Structures are given as C-alpha cells and as structure tokens.
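Here the structure is laid out as structure tokens; the discussion comes afterwards.
The values are calculated or read from the model by the stated rules, or taken from the named source; none is laboratory data. All values derive from a computational prediction rather than experimental measurement. In this analysis, Cβ positions are derived from the backbone assuming ideal geometry, glycine residues included, and neighbour counts consider all displayed protein chains.
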Amino acid sequence: MRSRPQTPSIKGSDFSISFRNIHNTNLPWASSRLSFTITNKQQRNRTTQLSTIVGLVLGATTVVAAAAPTIDVPSAFAKRDNTRFGNGFVTNWTSDRSWILEATTTLILPALNSPQVASSALGLWPGIETPAGDLIQGLAISDADSYYCTHNQGEWCIVTAASVAGQMQYGANTSATAGSKITFHYVYNQGSSSYEQYISINGTAVSSISTPLNHGQKWGTAIECQTPPCGTIDAHQYV
C-alpha cells in the first residue's frame, strides 16, 4: 500500500493528526475547508483550531461481494449482515489527553451507484469514532427499496445518525439529488457530554440529532456497502 510523500500532518504536545491514503493510490491533495477543533483534556479552556488542512477527492469505486473491508471503521448503518467498504480517508487517533471538539465538511453528491440492487444499500459518510467503537455520522444512502429511510426514488436519502453500543439512532431524513452540497457539522457539547450533529443541503438545515457519548478521537470517511454487490459509485468530493 503506497502513501503520498509528505502527507499533511499536524502535531502538538497533546495530539498528532496525519492524513493518509487508505485505499486509492491516486488520491490528489489540495487546499480545502475541512476543519477540526481539538481540545486538550487538561486545559479545557484552550482549544486549537486546525483548518484548511486537505482537500479530498475519492476516485470511482466498485464494491463487490468478494471484496474484503479495506478500512478499520465500524459498520455504520448496519441492519444487514454483510458489510464491505470501498475508498476512504481517516485520521490517526488523537492522544489520550485530546479529542475532537468540532468537525465540518461538505460532500458534493455524485450520481447514485450503478447498478442499484434492491437488496443492497450503499452509504457515503464522514464520521467521528470513539475508542469504544461508537460512531457519530451523517449519511447519504442509496437504497432502491427504501429499507433505511423514505426518500424520492432516484435520489439520495440524507439523514443524521449515530451508532452507540451497536444500536443505530436516526434523526429526520430527506432526499437530495446528485450535485447537491451536503454539509456535515459535528460539535461536542461539554455541558451535556454529547455530540450534536447537523446536516444541511445547499445551505438549508434539514436534520439534527444529539447523542450522549464519550469523546471522539478519530475522524474518517467511508463508502459502505450493505449486502454486496453495490455496483460502482462515481468519483466524489469532500470540500
């Protein structure tokens, strides 16, 4: 597995974040609006804003039944038994004294995967993971049979979600077309010890959820296929 030379990284006394190419060896890098806020557990009134770190373009991916998972992330919207992953991008874990206080990124939706199989579902998502394996995530889901949420045929289902102790929690869902800009905003509420999650489509808020959870220490994206094959998903961007 090759990684791009001079992979962007940021280090401090209490955190180390580096960005690496997990699967797609032709991943281009550029400036972007992907941003993180890391907070120090010993000095909670001090936060470090890490912004304009890296631009992300994931190449076209075909997810088939024979493919093994390629990313060390927990299964997300797992109601079905068989899960596979395509291209992805993850950070290293933060140190024990630090966590991800806030993260924001925008996905430009590609066309739906082709072919769509009625018994399968494909999800695109960015998420924050805790050391316990819990996951805060927003989902863009392609499922022809509306198994996961009701949406317009031929469009993506957009929904806030969280996986806690293996159980899924969902916010409101809606539909979105290819080319829409889906902004995912996650922020840790230290007063309530919970992650608050917000999704907007082309600047309009559409879904939110609040989940009591321990601190998240890892961030990543995924192309997740439930019950392969899931066909081919076009190249898409996080900006």
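Values for this structure:
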quantity	calculated
Boolean, L122 is touching a Gly at 6+ places or on another chain (Cβ under 8 Å) and crowded, with 21+ Cβ neighbours inside 10 Å	yes
Strands (runs of 3 or more DSSP E) within region 136-239 that include 3 or more residues free of Cβ contacts under 8 Å to residues at least 24 places away in the same chain	194-201, 204-212
Qualifying positions in region 85-111 - over 16 Å from the mean Cα position of the chain (by Cα), part of a loop (DSSP other than H, G, I, E, B) and not basic (K, R)	T94, S95, D96, A111
Selected residue (only one of C149, C225 is out of contact with any Ser or Thr (no Cβ under 6 Å at 6 or more places or on another chain), surrounded by 24 or more Cβ atoms within 10 Å (Cβ to Cβ) and modelled with pLDDT under 95)	C225
